Amino acid sequence: MRRGVAALAAAALVVVAAGTGASGHPQPGDWPTWQKDLGGSRFNAGERQITPANVDGLKLKWAYGFPKETGAPHSQPAVIGDTIYFGAPNGKYNALDAKTGAAKWSFDLSTVGTGWAQVRDGAAVSGGHVYFGDTRGYLYSLDQKTGKLDWAERIDAFPGATVTSSPIVFGGRVYVGVSSGENLMGKDHPCCTFRGHIDALDVRTGKVDWRFYTVPEPKQDGTWPNGVPRYGPSGAGVWSTPVVDPVTRTLYVGTGQNYSGSGGHFDSVLALDTATGKERWTRKMTDVDTWRRECSSPSPEDQKFCPNLPDGTALDFDLGASPNLFTVGRQHLVGIGQKLGVYHVLDARTGKIVWQRQLSKPMPGGGLSGIQWGSSYDGHRLYVSTYMGNPGTLFALDPANGHVIWNTPAPADGCTTGGAAQYPKLCKLGHGPAVTTTPGLVWLGAQDGKFRAYSAEDGKVLWSFDTLTDIPTLNTGTGRGGAIAGGGGAVVAHGMVYVLTGDMFTPYPNDKGPVLLAFGR
């Protein structure tokens with residue numbers, strides 16, 4: 001028997017139970033962050049209705065369609081009681097009956113500010129309010145029962161600023177990261193001046209209590225080859241969702257690469273005081289990493305706008321995945337995946353590296369072979385998936401030392417069976433979304449359009465559903481699935497399983513619009 005299992009299971013129960021209302025104390029009806037618990041486990045310990053023995057009886061119960069003109073859905077749902085909450089790519093935020101999909105209320109983001117907006121993060125639901133961000137840099141609070149706007153605060157008005165980080169609620173504050181797409185704005189843009197940041201806002205008013213910038217204020221340091229002013233250092237956006245240790249009141253989050261120059265807390269793990277935002281420690285995982293869109297261009301003229309390309313440090317090796325908090329023996333640890341394919345485990349008190357495991361070969365200029373989104377911890381094992389790792393692979397790791405207990409590559413027939421077989425040039429064998437676990441099961445979607453449940457014990461596929469097919473919906477006639485990636489990590493609650501399908505990074509033809517699927521027995 002592996003050492004520390006009993007202690008690990010006990011620690012998992014403590015973290016999973018640590019939901020928090022506005023007072024900071026646990027509230028049984030809360031979903032205070034991306035996957036319910038403050039520690040980022042993505043493990044729903046109470047979901048025992050679906051087991052390895054009966055998962056083959058899982059059936060599609062209902063589907064909700066999204067307009068095909070508005071793009072792919074990325075707002076992972078939150079489920080409280082009989083209601084499911086999620087954002088749509090058409091600028092609406094919705095509440096439906098979790099069992100039937102019947103509409104309860106909808107909020108239109110266009111009533112706030114100007115310009116078109118999408119929701120690309122999952123909500124936190126706490127103290128009777130629903131918190132989420134949008135692609136214009138706004139953070140919202142809605143009344144949980146009615147969908148009425150409590151407040152909306154634009155936490156970054158920079159062009160291209162976006163909130164993909166899901167908020168987390170703790171101790172009377174809502175914490176959220178901000179990033180931007182400034183490094184994609186092209187050669188005529190005076191790249192770059194955006195500064196990533198993590199904010200703490202008052203849950204009642206939306207006013208910022210503190211802000212932590214990931215880079216110093218950029219300054220002009222010359223011009224680009226076309227004469228456009230060059231600024232730096234910049235970037236280090238916070239794409240991922242923070243986690244919180246409620247005992248030490250420490251917030252942990254990962255950051256992305258520089259857009260220009262080199263400096264600040266890029267490709268780093270941050271440990272911040274939840275009350276003040278002051279550093280407890282920071283740990284940089286890449287020595288130099290400066291990347292903009294031109295770094296991936298084959299054009300020699302474009303490459304002149306990527307000064308780090310010749311020395312091999314134009315990497316795009318973000319820490320874009322949400323961390324996991326767990327305990328081995330008496331040691332409190334924080335684990336996080338990186339786009340270079342490494343899962344890092346650090347001492348949560350000091351930031352000292354405890355162990356690291358390389359799970360896929362690095363792919364510079366996008367990091368697509370690595371760990372893109374979140375991992376899961378069920379009290380016994382860590383479950384980590386790689387994206388396009390030739391093929392992408394699901395791993396079960398020993399949390400004490402990173403030993404690989406089992407690994408399951410994306411099934412070899414994924415691109416030759418089901419809907420993906422029609423598109424052999426588009427289909428890839430990889431995993432985009434975060435991993436989710438429930439007792440005995442690991443839930444993971446893939447680029448081949450399949451949504452699968454694996455055995456937590458040995459990694460065997462126990463159930464699969466091909467989403468790349470026409471699917472009747474409750475609201476748009478017929479929808480169609482596709483790749484499962486981005487914010488499409490599975491949500492399991494009250495005997496139901498929910499997943500978004502139709503991701504834009506593997507653009508299967510779709511003339512009907514993507515869907516949210518709800519499964520039950």
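The values are calculated or read from the model by the stated rules, or taken from the named source; none is laboratory data. All values reported here derive from a predicted model rather than from experimental measurement. A quick note on method: Cβ atoms are made from the backbone with ideal geometry, for glycine too, and the neighbour counts reach across all protein chains shown. To get the accessible areas, we keep the full protein, side chains included, count just its heavy atoms, and leave off ligands, DNA and RNA. Shrake-Rupley method; radii C 1.70, N 1.55, O 1.52, S 1.80 Å.
Suppose we keep only residues that are assigned to a loop (DSSP other than H, G, I, E, B) and more than 22 Å from the chain's Cα centre (by Cα) within region 315-350. Which one would you say is farthest from Arg42 (Cα to Cα)?
Looking at residues that are assigned to a loop (DSSP other than H, G, I, E, B) and more than 22 Å from the chain's Cα centre (by Cα), I get Thr350.
Is there any pair with a first residue in region 146-170 that is in contact (Cβ under 8 Å) with a residue 24 or more places away in the chain and surrounded by fewer than 24 Cβ atoms within 10 Å (Cβ to Cβ) and a second that is in a strand (DSSP E or B) and among the basic types (Lys, Arg) whose Cβ atoms are under 7 Å apart and which are 6 or more apart or on different chains, and what are they?
Final answer for the pair search is none.
Please determine whether any residue of region 403-422 is touching a Phe, Trp or Tyr at 6+ places or on another chain (Cβ under 9 Å), open to solvent by 30 Å² or more (accessible area, probe 1.4 Å) and closer than 26 Å to His74 by Cα.
Checked region 403-422: at least one residue is touching a Phe, Trp or Tyr at 6+ places or on another chain (Cβ under 9 Å), open to solvent by 30 Å² or more (accessible area, probe 1.4 Å) and closer than 26 Å to His74 by Cα.
May I ask you to list the residues in region 373-386 that are within 16 Å of Ser240 (Cα to Cα) and out of contact with any strand residue (DSSP E or B) (no Cβ under 7 Å at 6 or more places or on another chain)?
Trp373, Gly374
Starting from region 410-436, take each residue that is closer than 16 Å to Trp373 by Cα and touching a residue at least 40 places away in the same chain (Cβ under 8 Å) and list its partners that are among the small types (Gly, Ala, Ser) and outside any loop (DSSP other than H, G, I, E, B), counting only C-beta distances under 8 angstrom and pairs at least six apart or across chains.
Here the result reads His431/Ser385; His431/Gly445; Gly432/Gly445; Pro433/Gly445; Ala434/Ser376; Val435/Ser376; Val435/Ser385; Thr436/Ser376, each pair linking region 410-436 to a residue that is among the small types (Gly, Ala, Ser) and outside any loop (DSSP other than H, G, I, E, B).
Based on what the data block shows, is Pro73 open to solvent by less than 10 Å² (accessible area, probe 1.4 Å) and under 19 Å from Gly160 (Cα atoms)?
yes
Cβ-Cβ below 9 Å, separation at least six or inter-chain, first residue in region 36-65 and free of Cβ contacts under 8 Å to residues at least 40 places away in the same chain and at negative phi, second β-branched (Val, Ile, Thr) and outside any strand (DSSP E or B): which pairs?
From region 36-65, the pairs are Asp37/Val15; Asp37/Val16; Gly46/Val16.
Can you tell me which of (1) touching a helix residue (DSSP H, G or I) at 6+ places or on another chain (Cβ under 6 Å); (2) crowded, with 21+ Cβ neighbours inside 10 Å; (3) not hydrophobic (A, V, I, L, M, F, W, C) is the one Asp302 doesn't meet?
Unmet for Asp302, out of (1) touching a helix residue (DSSP H, G or I) at 6+ places or on another chain (Cβ under 6 Å); (2) crowded, with 21+ Cβ neighbours inside 10 Å; (3) not hydrophobic (A, V, I, L, M, F, W, C): (2).
Residues of region 351-405 being of a type in the set (Val, Ile, Thr) and part of a loop (DSSP other than H, G, I, E, B), which ones?
Ile371, Thr386
Restricting attention to region 318-341, which residues are in contact (Cβ under 8 Å) with a residue 60 or more places away in the chain, among the aliphatic types (A, V, I, L, M) and either open to solvent by less than 10 Å² (accessible area, probe 1.4 Å) or under 24 Å from Gly488 (Cα atoms) (or both)?
Leu319, Ala321, Leu325, Leu333, Val334, Ile336, listed by residue number.
Which condition from (1) in contact (Cβ under 8 Å) with a residue 60 or more places away in the chain; (2) under 19 Å from the mean Cα position of the chain (by Cα) is the one that Ala446 breaks?
(1)
Tally the residues that are farther than 22 Å from Cys427 by Cα and out of contact with any Pro (no Cβ under 8 Å at 6 or more places or on another chain), restricting the search to region 441-455.
Selection size over region 441-455: 1.
Scan region 280-299 for residues that are farther than 30 Å from Tyr377 by Cα, open to solvent by 70 Å² or more (accessible area, probe 1.4 Å) and in a loop (DSSP other than H, G, I, E, B) and jot them down.
Selection gives Pro298 alone.
(1) within 21 Å of Val288 (Cβ to Cβ); (2) touching a Lys or Arg at 6+ places or on another chain (Cβ under 8 Å); (3) touching a residue at least 12 places away in the same chain (Cβ under 8 Å): which one isn't true of Gly222, the others all being true?
(3)
Just for region 242-279: of the residues that are open to solvent by less than 10 Å² (accessible area, probe 1.4 Å), assigned to a loop (DSSP other than H, G, I, E, B) and among the hydroxyl-bearing types (Ser, Thr, Tyr), which one is nearest to Arg349 (Cα to Cα)?
Out of the qualifying residues, it is Thr274.
Given the criteria in a strand (DSSP E or B), modelled with pLDDT of 95 or more and open to solvent by less than 10 Å² (accessible area, probe 1.4 Å), does Leu444 qualify?
yes
Please find, within region 82-128, the residue that is nearest to Gly40 (Cα to Cα) out of those that are crowded, with 17+ Cβ neighbours inside 10 Å and of a type in the set (S, T, N, Q).
Ser126
Can you name the residue in region 486-511 that is small (Gly, Ala, Ser) and farther than 18 Å from Ala95 by Cα and, of all such residues, is modelled with the highest pLDDT?
The qualifying residue modelled with the highest pLDDT is Gly495.
Checking Trp355 against (1) buried (at least 17 other Cβ atoms within 10 Å of the Cβ); (2) of a type in the set (A, V, I, L, M, F, W, C); (3) over 29 Å from Leu394 (Cβ atoms): exactly one of these is not met. Which one?
The number of the failed condition is (3).
Here is a check on your reading of the model: is Lys361 under 23 Å from Gln338 (Cα atoms), open to solvent by 20 Å² or more (accessible area, probe 1.4 Å) and not polar (S, T, N, Q)?
So Lys361 passes the test.
Within the bounds of region 179-199, is there any residue that is under 28 Å from Ala275 (Cβ atoms), hydrophobic (A, V, I, L, M, F, W, C), more than 20 Å from the chain's Cα centre (by Cα) and open to solvent by 10 Å² or more (accessible area, probe 1.4 Å)?
Scanning region 179-199 turns up no residue that is under 28 Å from Ala275 (Cβ atoms), hydrophobic (A, V, I, L, M, F, W, C), more than 20 Å from the chain's Cα centre (by Cα) and open to solvent by 10 Å² or more (accessible area, probe 1.4 Å).
Is there a residue in region 372-389 that is open to solvent by 20 Å² or more (accessible area, probe 1.4 Å), out of contact with any Ser or Thr (no Cβ under 8 Å at 6 or more places or on another chain) and basic (Lys, Arg)?
yes
When you check His344 against the structure, is it touching a residue at least 60 places away in the same chain (Cβ under 8 Å) and open to solvent by 50 Å² or more (accessible area, probe 1.4 Å), yes or no? Can you show your working first?
Details: touching a residue at least 60 places away in the same chain (Cβ under 8 Å): yes; open to solvent by 50 Å² or more (accessible area, probe 1.4 Å): no.
Against the criterion (touching a residue at least 60 places away in the same chain (Cβ under 8 Å) and open to solvent by 50 Å² or more (accessible area, probe 1.4 Å)), His344 does not qualify.
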